[in-house]
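Below: one structure, written as structure tokens.
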Ligand SMILES: [Zn+2]
């Protein structure tokens, strides 16, 4: 049987890959495995488009390397914030499950405790809207912004807009860690957070933000 992934989710996957280059994809997925096929799941193409092609309206995004679930949580929190302000793909029938939490269009996108047998720690699950004009929306998800072309190498003692941008992106990467001041001053806390990021990304943890670290953070 012919099937495809909803266009909104293909775009979401692209944006996640751009935002988190080199991320762990082990728990990524979209088309249902046999375990899914036996029950009703949006990973099965049970919804047909206007050409009769089955559409998979669900995507699983790996939460991150090992015990680090920051990618999954960041994506989930971002989607739910976006849903509250309105995104066509997060309309009727849409929901997000992440780290024992579920939020849905039906619940007004408030996070509730999720008690299903799979707590969704290793991946974040996204189901999009039931209607084709919505699940095939190509509206950007806002995860992969277009950064300026080149960035200076910065380190402890650096100051200025690039440092502020670094602090902002680190805060987006690690929403569950104490927030860094976004003051544009590269101090000890910023350096520690940079090293934390570098260790988690397989980059030499020297606290210096050069091309490799910028790229790892999602900048070109
Ligand atoms: Zn799933």
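Before moving on, here are some points about what is shown:
- Viscosity 1.567 mPa s, 4 °C: Kirkwood-radius Stokes-Einstein D of region 79-178 over Cα pairs, µm²/s: 81 µm²/s
- Rg/Rh for the chain, where both radii come from Cα atoms and Rh is the Kirkwood radius: 1.01
- Tail fraction, Cα-Cα pairs, region 1-56, threshold 19 Å, whole percent: 37 percent
- Counting beta carbons within 10 Å around each of 135, 114 and listing the fewest first gives the order 114, 135.
- Within the chain, DSSP assigns beta bridges of which about 85% are antiparallel (rounded to the nearest 5).
- Look at 201, 117, 8 and count the other Cβ atoms within 10 Å of each Cβ; fewest to most, that gives 117, 201, 8.
- Rough spin-label spacing in nm, given labels placed 7 Å along Cα→Cβ, for residue 155 and residue 39: 5.3 nm
- Potential extension, residue 205-residue 192 segment - 0.36 nm per residue separation minus Cα distance: 3.7 nm
- Extension gain for residue 113-residue 18 works out to 31.2 nm (0.36 nm per residue, less the C-alpha to C-alpha distance).
- Contour excess over end-to-end distance, with Cα ends at residue 177 and residue 28 and 0.36 nm allotted per residue: 51.2 nm
Each value in this text was obtained by applying a stated rule to the coordinates, not by laboratory testing. All figures in this text were calculated on a predicted structure; none of them were measured in a lab. All Cβ positions, even for glycine, are placed from backbone atoms using ideal geometry, and neighbour counts span all protein chains on display.
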